[in-house]
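K.L.:
My questions all concern the structure below.
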Amino acid sequence: MVPSRFSFSIPSAVVLLLMIATLASAILDERDHGTFSDWAHMGLGGYLGQLFPRRRD
């Protein structure tokens with residue numbers, strides 16, 4: 001069992017994998033840094049959007 005201070009959610013794992021893949025892709029293909037930067041912004045924005053509680057009307 002993993003201690004609670006090391007809890008790792010599925011969205012966190014997805015964002016971590018996205019960041020690693022984006023970094024690796026940016027290193028391998030130096031011509032398209034802007035595209036990989038957009039992927040990173042999209043992934044982080046989606047993750048942060050999930051952290052905010054939903055409004056219940």
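The values are calculated or read from the model by the stated rules, or taken from the named source; none is laboratory data. Just so it is clear, the structure is predicted and the values come from calculations on it, not from any experiment. Ideal geometry is used to build each Cβ from the backbone, glycine not excepted, and the neighbour counts take in all protein chains shown.
K.L.:
Within the range 38-57, can you find the residues that are farther than 18 Å from Ile10 by Cα and modelled with pLDDT under 80?
P.N.:
Arg54, Arg55, Arg56, Asp57
K.L.:
Hey, can you tell me all the residues within the range 24-57 that are free of Cβ contacts under 8 Å to residues at least 12 places away in the same chain, in a helix (DSSP H, G or I) and of a type in the set (A, V, I, L, M, F, W, C)?
P.N.:
Result: Ala24, Ala26, Ile27, Leu28, Met42, Leu48, Leu51.
K.L.:
Could you check how many residues of the range 1-37 are at pLDDT 80 or above and over 18 Å from the mean Cα position of the chain (by Cα)?
P.N.:
3
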